[in-house]
Every structure is written in structure tokens, then in C-alpha cells.
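A short write-up of the structure that comes next.
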Amino acid sequence: MKEENIMDNDDAILCQILQKEAAKRRARPSFAQDVMSRLPERKSHSGSRRTLLITSFALCGCFATAAIAWSDLTRFADGVVPLMNDMVAVKQSLAGFILVSPIAFVVGLVSALYFIARRARLI
Amino acid sequence: METPDFILIARVLADDDRQAFAELVRRHEVMLCGFLTRLTNDSFLADDLAQETFVEAYRNLGKFSGKSTFSTWLLGVGYNLFRQYKRRKPTPETATDMPDTEDEEADSASRGTEVDVQAAIAKLGEDQRAAIELCFVQGLSHEEAANVLHCPLGTLKTNILRAKEKLKTHLAAYALHS
């Protein structure tokens, strides 16, 4: 019992009796074993990191794809989106992505960093 | 030298070190079982609730902020589980592990003051028992005990005061019988 709680002699006597009784309490030998057998499996950290990386890449990929598609749509007046195996178009798209959609890039990056920070318990 | 609790907790969180968690269980089981036995008046139920408390603590160890000691946090988890149990199975308070009133009155002379006190505490209300146990046995400050029991500081102090008044009355009766 902390000093601030002690009010009078009766309290001290009561405290003494109760603590004497508490000192007699004994641990059950198999208690810890029983608890350990009931513990759930915790998700491994390597698994969590893998999930985190995949999530981040997927998120960046989504934003990049959206940005590329958007830049292509604005680049070609007829609105035809070039196929991704067309290297020229891809290059143009990437250039368009970097130049035309920096906001999308920043949003994707910030989101990925936010997810990483959350999972790493930094925020 | 004994490894501090916070290092064991860090090991559990970082590497899922089950040996470290087992050590935490061994360190705090007596304290937690004692508290829950006092609340339930049933050592078997208290044992089961204590196990559940440790499992719950393991699940939510990441939420332990370190503002209080681990044992205080654990008592809070245990008390929450006890309240959940009471909501699920609202039963009248019984003193199964404590001596019956008639027996205790008849044999109080031979049992001594400690048994009298235990029996008197068993007659207190649940909140009062919890308050007495936390402040007088576990050695928590009033603020810490109020946090564990999720009640205002004034309520806790009132509970302690009333508990002490009741104890005095009960113990005076025992003294007369003995």
C-alpha cells in the first residue's frame, strides 16, 4: 500500500493482515503451461513485411497505371489507349506519367509510406 | 538479475518470444489470480479468468503503452474480463471459497483474526472488494486503482471508506462472538 493511501492505524493493521494473507498465495505449477497452450499463433513478422511490401507495390502500381492511362488519354486526341507492349507508347506514357501526373505519383508514394509507417508502428 | 518486464514485452513484440511471455506469466500469475479470486470468491473461476486474461494480454500486448506498470495494465485487462463474465452470467454473489457465516460465527475463536478478515471481506460488495484488494494488497495508489476499475477517483475513495466501515462492523461482531 502506498504512503498516500495510509490514513490511520486501522488501515495499517488491515493492510498488514491482507498482505500477510496475500503472501501465502502460491502459484499453481501448471498455470503457465496452461496459458502457453492457449496462446494464439501470432502472424510472423517476415510474413507481415512481405504483405507490407506487396501492398505498397500494388498501391504504387495502381496509381502508376491510373496515371499512365490518364496521360495517354490526354495525349491522344482520339482517346485510344495504346497497348502496353508498344514500347514507344510505354516510354511516352512513362514520360507522360512523370511530367503530367506528379500529383498521382506523390499521392501513391505518400500512401505507401503511410502504410509502411502504420505497419511498422511508427505512427 | 531479473530481466525487467518491459524488456520481456519488447522481446514478445519483436520476435514473438514465447519464453519471455511465459516468464511474464510466472511473474504475475499469483498477483492476478489473487485479485480475481477476491473478486469472484471462486478460485477455479479465478484461475480460468486469469488464463483468459493472459491470452487477451498476449493478443493486445501492442496496445500496452507503458504509461502504467505491466502488472497494473494486466489487472485492468483482468477486471474487464471479469465484468464481461458477469454480464454474460449474472449470478448472485456467493462466497464459495470463504467460510459460511454460521460456521465462521461458531468457529471464529479458533480461526483467528485473518480468517475473520477474509470472511468479512467476502461479504463486501464487488466494487468494494476490488478497491480494497487493489489499494491494500496490490499496493496501487488511488489513482492507479481508479484507472484499473474505470471509475472516478471519488467513487473509489468512497468505496474504500464504506468497505472499511463495513469491515469494522463485521469484525466487531466477530470479536463479540469470540
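The values are calculated or read from the model by the stated rules, or taken from the named source; none is laboratory data. All figures in this text were calculated on a predicted structure; none of them were measured in a lab. Using ideal geometry, Cβ is built from the backbone for each residue, glycine included, and neighbour counts are taken over all protein chains shown. Remember, those area values only see protein heavy atoms, side chains included, never the ligands or the DNA or RNA. Shrake-Rupley method; radii C 1.70, N 1.55, O 1.52, S 1.80 Å.
Some values worked out for this structure:
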quantity	calculated
Selection within the stretch A:18-41 - of a type in the set (S, T, N, Q) and under 38 Å from the mean Cα position of the chain (by Cα)	A:Ser30, A:Gln33, A:Ser37
Odd one out for B:Leu49 among (1) out of contact with any Asp or Glu (no Cβ under 6 Å at 6 or more places or on another chain); (2) closer than 20 Å to B:Gly139 by Cα; (3) surrounded by 21 or more Cβ atoms within 10 Å (Cβ to Cβ)	(2)
Inter-residue pairs, beta-carbon under 8 Å, first at pLDDT 80 or above and in the stretch B:164-178, second assigned to a helix (DSSP H, G or I) and open to solvent by 50 Å² or more (accessible area, probe 1.4 Å), 6+ apart	B:Lys164/A:Asp10; B:Lys168/A:Asp10
Condition check for B:Ala20: loosely packed, with under 13 Cβ neighbours inside 10 Å, at pLDDT 85 or above and part of a helix (DSSP H, G or I)	no
Given (1) closer than 24 Å to B:Phe64 by Cβ; (2) in contact with a Lys or Arg (Cβ under 8 Å, 6 or more places away or on another chain), index of the condition B:Ala145 fails	(2)
Condition met for A:Lys43 (open to solvent by 70 Å² or more (accessible area, probe 1.4 Å), within 30 Å of A:Ile116 (Cα to Cα), at pLDDT below 65 and among the basic types (Lys, Arg))	yes
